[in-house]
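Accompanying notes for the structure given below.
The values are calculated or read from the model by the stated rules, or taken from the named source; none is laboratory data. Since we're looking at a predicted model, the values are computed, not measured. Here Cβ is always computed from backbone atoms with ideal geometry, including for glycine, and neighbour counts include all displayed protein chains. Note: accessible area is taken over every heavy atom of the protein model, side chains too, but ligands, DNA and RNA are not part of it. Shrake-Rupley method; radii C 1.70, N 1.55, O 1.52, S 1.80 Å.
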Amino acid sequence: MTFAIVSLYLVLVSELEKSTDLFLADKVHVLQTMLRERPDDGDALREEVELESAARQYERFYIRLLDDRNRPLLVTPGMSDQLDLAQLTVDTRSRPDRTLRMKGRDGRAFRVTSTSAQVGSPPAQTDTLQIAVDVSQKEALLARFRFWFWAILLGTCVLFPLVGYQIARHGIRPVEEMATTARHISSTNLRERILPDGYPFELASLAATFNQMLDRLEESFERISRFSADIAHDLRTPVNNIRGEAEVALARARSAGEYRDVIESCLEEAVRLSDLIGDLLFLARAESPLSHLRRERVDVGQLLGGVKEYYEASAADGEVSLTTAVVGKPVVAELDRTLLQRAVGNLVSNALAHTPPGGAVVLGTNADFSTIRIEVSDTGFGIPANALPRVFDRFFRVDSSRFHGSGGTGLGLAIVKSIALLHGGNVEIASQPGQGTRVTLYMPVGSSK
């Protein structure tokens, strides 16, 4: 900015000097023409030299006409009062036809020049023209310019830091608010949010991303809290059952058959407890970044057939039809056979547990160039629409009493989703209450881990 103002000042000085020089050159030209073409027109010459300057209020000029012996012929009135004429002659004689700067008697600034002028045509003699222009108004203009330049520069040196500080404070305010919000966040307080209203676009985007992160953290903590409560409940139930059976058995002497019944009941609860712990360990390993799949070529149609054979007895006991629907060419991919069997087995077990007698469960698969789809559908009770978003959460049960009655832990669908994600796939569920449920596993054909 300073460079621009200095440059503007220099241009202004140059233009003012150029304007004065052009004025002097114009006067010289007029007088030279009059002396050359009308040397006997003394009145016109006297008007140009003596009278025209007196009519000007600003930027007055003074002219002196000297003959070839340096004797004054015509002089603008008051010129001797303003200028040292002897000094003017000395200065201009050394540099004729040049425009010079000169100080007047009262300190005013002048631009002066001296040149020769031929009298008559052909010339009878050569006179000398001396012209001085009062440029004090222009010098005052430049002085005011310099004054205001330094005043503004000093003001900006004082004001700009203050303005910059305020702008910086205003700009950093959103960051400080984010930091304050972050300091208030803890495991017991995850409801704090940043209000990005009035923030710049970049910081508003950062605040929105920060709020989304807090939403995810709050959801994760809520899940962990529910998960901990569900673990405590599901572990307490079999432990209490075992303790109750043992206390009842020890309350009085019993027969060997009664003790055997108690031991069998305790064993059932121990098996259920062991299954629950096994499922929890599997989920913990599945979420570990160090988990690896043991991939091998798997014929998905044959795998579904093997699962069907395993559950045929359970289906027959529940009077439920269990079939596979595999059409077209075989679906073969690199998958973890054991994990896929567990995922499909969990889906079939759930379907059989929630399909009434006379219903049907169908296993199917198909594939395109990038994805394998494995479907397990049933004609069971169905799932309410408000429960569908949570069916893959751990320990979530649509009907707790029915799940407990069937020995379920509430982890089956969570395990299915973990297995799908380990393969780089996903799982979807669709259900209509009273009509049945369809769960679809999506596995990428070329995935690897």
Using a Förster distance of 51 Å, how high is the FRET efficiency between Q87 and I167, based on the Cβ-Cβ distance and rounded to 0.05?
-> 0.35
For K18, K329, write out the residues from largest to smallest accessible area, computed with a 1.4 angstrom probe and no ligands counted.
-> K329, K18
For S19 and R95, what is the calculated FRET efficiency with R₀ set at 25 Å and r taken between the beta-carbons, to the nearest 0.05?
-> 0.75
Taking 7 Å along the Cα-to-C-beta vector as the label spot, tell me the E52-S205 distance in nanometres, rounded to one decimal.
-> 6.9 nm
For the stretch 291-431, percent of DSSP beta bridges that are antiparallel (nearest 5) comes out at 70 percent
Helix 136-184: angle to the longest alpha-carbon principal axis of the chain, degrees 0 to 90, nearest 10?
-> 10 degrees
Of all DSSP beta bridges in the chain, what percent run antiparallel (nearest 5)?
-> 90 percent
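Any idea what the dipole of the chain comes to, in debye rounded to 20, about its Cα centre with Lys/Arg Cβ at +1 and Asp/Glu Cβ at -1?
On the way: 51 positive and 58 negative charges, 167 e Å.
It works out to roughly 800 debye.
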Along each of its three principal axes, how wide is the spread of alpha-carbon positions in the chain, in whole angstrom units, largest first?
-> 159, 59, 38
Report, ordered by chain and residue number, the lysines lying within cross-link reach of K417, taken as a straight Cα distance under 26 Å and ignoring same-chain residues fewer than 8 apart.
-> K308, K449
Per the rule of 0.36 nm per residue minus the C-alpha distance, extending E428 to D67 adds in nm 118.5 nm
May I ask you to order 46-52, 421-427 by the average number of other C-beta atoms within 10 Å around their residues, highest value first?
-> 421-427, 46-52
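Which semi-axes, in whole Å and largest first, does the equivalent ellipsoid of the stretch 198-267 have when worked out from the alpha carbon gyration tensor as the square roots of 5 times its eigenvalues? Write out the running numbers ahead of the final one.
Working: eigenvalues 653, 13, 3 Å².
The answer is 57, 8, 4 Å, longest axis first.
Grab the Cα-Cα distance for L141 and H292, subtract it from 0.36 nm times how many residues apart they are, and report the gain in nm with one decimal. Kindly include the intermediate steps, with their values, before the conclusion.
Numbers: separation 151, 0.36 × 151 = 54.36 nm, distance 8.44 nm.
Going from the current span to full extension adds 45.9 nm.
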Compute the long axis of helix 85-94 from its Cα atoms, compare it with the longest principal axis of the Cα atoms of the chain, and write down the angle in degrees, 0 to 90, nearest 10.
-> 70 degrees
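Could you sort 158-164, 295-301, 338-344, 414-420 so that the peptide with the highest average Cβ count within 10 Å comes first and the rest follow in order? Could you put the intermediate results ahead of the total?
On the way: 158-164: 10.4, 295-301: 16.6, 338-344: 20.7, 414-420: 23.1.
Top to bottom by mean Cβ count within 10 Å: 414-420, 338-344, 295-301, 158-164.
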Nearby lysines by direct alpha-carbon distance to K27 (threshold 20 angstrom, same-chain neighbours under 8 apart not counted) | K18, K138
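For S314 and T2, calculate 0.36 nm times their separation in residues minus their Cα-Cα distance, and state this gained length in nm to one decimal.
On the way: separation 312, 0.36 × 312 = 112.32 nm, distance 9.09 nm.
Length gained, S314 through T2: 103.2 nm.
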Hey, if you drop one equal point scatterer on each alpha-carbon of the stretch 10-123 and run the Debye formula without solvent, what base-10 log of I(q)/I(0) do you get at q = 0.12 Å⁻¹?
-> -0.44
Taking the radius of gyration and the Kirkwood hydrodynamic radius from Cα positions alone, what is the Rg/Rh ratio for the stretch 149-280, to two decimal places?
-> 1.52
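Between L250 and V271, how high is the FRET efficiency from 1/(1 + (r/R0)^6) when r is the Cβ-Cβ distance and R₀ = 22 Å? Nearest 0.05. Present the calculation step by step, with values, prior to reporting the outcome.
Working: r = 22 Å, r/R0 = 0.99.
Step by step, r from the Cβ atoms, then E = 0.50.
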Using alpha carbons only, how many degrees (0 to 90, rounded to 10) separate the axis of helix 412-422 from the longest principal axis of the chain?
-> 50 degrees
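Over every pair of different alpha-carbon atoms in the stretch 83-122, take the mean of 1/r and invert it; report that Kirkwood radius in Å. Write out the running numbers ahead of the final one.
Numbers: mean 1/r = 0.0896 Å⁻¹.
11.2 Å is the Kirkwood radius here.
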Residue (of A117, G78, T99) at the positive-pole extreme of the stretch 1-144, dipole from beta-carbon charges = T99
Lys and Arg at +1, Asp and Glu at -1: add these up for the other residues within a Cβ distance under 14 Å of I429 and post the number.
-> 0
Give the cross-link partners of K103 among the aspartates and glutamates, using a straight C-alpha distance below 15 Å as the criterion and excluding same-chain residues fewer than 8 apart.
-> E59, D81, D84, D91, D134, E139
Label-point separation, V158 to Q435 (7 Å along Cα→Cβ), nm = 8.1 nm
